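Reviewing the structure listed below.
Each reported figure results from applying straightforward, stated rules to the coordinates on display, with no laboratory input. In this text the structure is predicted, and so the values were computed from the model without any measurement. Here Cβ is always computed from backbone atoms with ideal geometry, including for glycine, and neighbour counts include all displayed protein chains.
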Amino acid sequence: MSRLVFARIQSSRTADDIVSQIEMLILEGVLRVGDQLPGERDLAVQFDVSRPILRSALKTLEAKGLLVARHGGGTFVADVIGEVFSKPVMDLISSHRKAAADYLEYRREIESIAAEYAARRATEDDRLLLQHIMDAMQHAYDTDDFKKEAELDVELHSTIGECAHNIILLHTLRSCYRLLADDVFYNRTLIYGFPGAREQLLHQHKAIFDAIMASDPVKARAAVRQHIDFIEQAQQEAARNSAWENTSRLRRSQRESDRT
C-alpha cells in the first residue's frame, strides 16, 4: 500500500476524521477489495494521530463492514462490491439465454457512458494506469496467455469505469463486472479461444483505449458499442458451435454402439 494514499489528519485529529477519509478512498475506488492497509504504527504516522484514535477508527470501519481484520495478518478492505441479484434470481438468469442478451445490452449502454466520461475526464495518472494495463494485455496476447487476457479484459473495463470519475457509475460497473468475472452469462475463455477472436478483441480494446487517450468521447462511445456487438456475435457463434459439437459427438457415439 502506497504511503501517499493516506493524508495527515488536520486540526481535531479525531477517529471520525480517519473514518471519513478511508470511506471516501473506498467510495472513489482508490482502495479496492482485498487491498491491505499499512500496519498500525505506520498508518498512525501517516495520519499523524495516536494509535488509540486509529484503533477506534478501524473498529468503526470494521463494524460498518468496510474493513476486515485477519488475526496476525493485517487489515484489508472488505468485499464491498454489492450483489446485484439474490442467489435464487442468479440461478434463474444464469440458466436462461435471454438474460445473457439483456446483460450485453446493459453493458453496451453503461460502458458507452463510462468510456465517454473517461475520454472527457481521465487525468494523467489515469492514462498511465490504462497504459500499464494495455501493455500487460499486449504481453498476454503475445505469450498466448488466454487466462491472463480474460482477467485483463475485466481489469481494463473496470479501470475505465474508475477513469469516468462518477462514484455511482463506478460501483454499478463493479457489480456488473463481478458477474463478468464469474462467467455467469457466458464463458469468456471460450470466446477467447474462438478463431480470430483474440486478435479482434485486442484491436477493439486498443480502439477504446486510444479514444480515451485522445480525449475523444464520440470515438470512445462508438468503440465500446463495436466491442460489445462483437462479443454478442462471438458468444452466439461459440454457443452454436458447442451445440453442433455435442450433437456430432452423440451421433458418432450412437453409431459406434450400433456397430458393436
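With coordinates expressed along the principal axes, the C-alpha atoms belonging to segment 15-77 extend over 26, 26, 20 Å, beginning with the largest. Inverting the pair-averaged 1/r between distinct Cα atoms of segment 20-121 gives 16.7 Å as its Kirkwood hydrodynamic radius. Full extension of the chain between GLN233 and ALA214 gives 4.0 nm of extra length, using 0.36 nm per residue less the Cα-Cα distance.
Nearest 0.05, what FRET efficiency do GLU23 and SER50 give at R0 = 22 Å with Cβ-Cβ as r? The formula returns an efficiency of 0.60 here.
With R₀ fixed at 25 Å, the C-beta to C-beta distance from LEU104 to GLU199 puts the FRET efficiency at about 0.75.
Per residue, the chain reaches -23500 deg cm²/dmol at 222 nm when only DSSP H runs of four or more residues are counted, each adding -39500 (n - 2.57).
How far is the Cα center of segment 13-33 from the Cα center of segment 214-244, in Å? If you average the Cα positions of each part, the centres end up 37 Å apart. The slack between ARG251 and GLN138, meaning 0.36 nm per residue of separation minus the straight C-alpha distance, is 36.6 nm.
The charge dipole of segment 199-242, taken about the Cα centre with unit charges on the Cβ atoms of Lys, Arg (+1) and Asp, Glu (-1), comes to about 100 debye, rounded to the nearest 20. A dipole drawn for segment 87-253 from +1 and -1 charges on Cβ atoms has a positive end, and of LEU170, SER95, HIS139 the residue lying farthest that way is SER95. Positive end of the dipole of segment 15-77 (Cβ unit charges, origin at the Cα centre): among PRO52, GLY73, LEU37, the Cα lying farthest that way belongs to GLY73. Over the chain, Cα pairs under 8 Å with separation of 6+ residues give a relative contact order of 19 percent.
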